[in-house]
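Notes follow the structure.
The values are calculated or read from the model by the stated rules, or taken from the named source; none is laboratory data. The shown structure was predicted, so the numbers you read here are calculated from the model rather than taken from an experiment. Every residue, glycine among them, receives a Cβ derived from its backbone with ideal geometry; neighbour counts consider all protein chains shown. In case anyone asks, the SASA skips ligands and DNA or RNA and just uses the protein heavy atoms, side chains included. Shrake-Rupley method; radii C 1.70, N 1.55, O 1.52, S 1.80 Å.
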Amino acid sequence: MKQFFVENLKDYSEVVDFFMVKSAGIKVGANKKQYFDVLLGDKTGEVNSKKWDIADAEADDLAGIKEGEIIKVKAQVTDWQGQTQLRIARIRRANEEDPIDLEDFIKAAPEKPEDMFAYIYGIAEEMEDEDLKRLCTKVLDDNRDKLMYYPAASKNHHAEFAGLLYHMKRMLMTGLSVCRIYTFLNRDLVSAGVVLHDIEKLNEIESNEFGISPGYSFEGQMLGHIVQGISFLDRETRELGFSREKAVMLEHMILSHHYEPEYGSPKKPLFPEAEVLHYLDILDARMFDMEEALKGVEPGSFSDRIWVLDNRRIYKPAER
């Protein structure tokens, strides 16, 4: 049985336990010596870890450790620039005799993929706009198998088993509520934007069946899911006979949903549904990151610094 979980590591000075490799590589430090840089994780989170000053023979062995493997480490728990980190003393691969339950290691969305998919598909089937209905149901049908496990990111928000579905579902729930308040919004267009905005992450990101991503595909690195998404939508809308206006509006929603050029969007939203899509996306990402940051934090205390939240330390109130 696993004894030490990532969310509680800062309560200990030393750990001896199993963790799943999220990413790993041999690097060279400022002292010109090699070290093993590995991101370890379990169902509660991830922790940066280092094994310093390794010899060539050890480096050759460690270089064979890949994402998704379970390893056992003995390590000191340290603090580096406000972040918990493991300083590894010993490391070995898990074997068949080790008492391992994979459920301890796979970080997963809190809802069943089948249930989330059914909710999203149900919204698509209810669309009154026949073009958007045909497009969204086709996209969901064509990608169902991968959506059952795919993360929404390699790291950071929704980087977990079925994380992309979870991101889409919560955005849809919030988006439909927004449409009930701002009644001039086109409900089907907002919903379609949610379903389609990140769909090319299925081709941008690489992932195994546990929702663990080693990084980005060749196309993902060269183009990114926004450009991939526009190309995909151009093909699909032409095949389905969309009007050019409707096709371009959908493409613009994909293009602008990151809002700023430095985040991949060369255009800001130019109509209300596109503006709403951006805020649905950023709201769900921020709430995910803050919820994750507060796991394991004692009431009345602050989290570690969270890089994706502008290096903020998030506070958990003593009273609610």
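Residue check: Gln34 meets all listed conditions (1) open to solvent by less than 90 Å² (accessible area, probe 1.4 Å); (2) touching a helix residue (DSSP H, G or I) at 6+ places or on another chain (Cβ under 8 Å); (3) closer than 20 Å to Ala94 by Cα; (4) not β-branched (Val, Ile, Thr) but one, namely (3). Restricting Glu97, Glu14, Glu103 to residues that are surrounded by fewer than 17 Cβ atoms within 10 Å (Cβ to Cβ) and at pLDDT 90 or above narrows the list to Glu14.
Annotation: of all residues in the range 112-158 being open to solvent by 60 Å² or more (accessible area, probe 1.4 Å), assigned to a loop (DSSP other than H, G, I, E, B) and farther than 20 Å from Cys179 by Cβ, the one that is modelled with the highest pLDDT is Lys112. Contact map, the range 50-65: first residue without any contact (Cβ under 8 Å) to a residue 60 or more places away in the chain, second residue open to solvent by less than 50 Å² (accessible area, probe 1.4 Å) and of a type in the set (Val, Ile, Thr), Cβ cut-off under 7 Å, separation 6 or more or different chains; pairs are Lys50/Ile88; Lys51/Ile88; Lys51/Ile91; Leu62/Ile54; Ile65/Val21; Ile65/Ile71. When Phe288, Phe242 are checked against the criterion of being touching a residue at least 12 places away in the same chain (Cβ under 8 Å), farther than 17 Å from Val194 by Cα and buried (at least 19 other Cβ atoms within 10 Å of the Cβ), a single residue qualifies: Phe242. Residues in the range 37-49 that are open to solvent by 20 Å² or more (accessible area, probe 1.4 Å) and in contact with a Leu (Cβ under 7 Å, 6 or more places away or on another chain) were compared, and the one that is nearest to Pro110 (Cα to Cα) is Glu46. Has the range 22-41 got any residue that is at pLDDT 85 or above, under 15 Å from Gly296 (Cα atoms) and either of a type in the set (Val, Ile, Thr) or touching a strand residue (DSSP E or B) at 6+ places or on another chain (Cβ under 9 Å) (or both)? The answer is yes, given that some residue of the range 22-41 is at pLDDT 85 or above, under 15 Å from Gly296 (Cα atoms) and either of a type in the set (Val, Ile, Thr) or touching a strand residue (DSSP E or B) at 6+ places or on another chain (Cβ under 9 Å) (or both).
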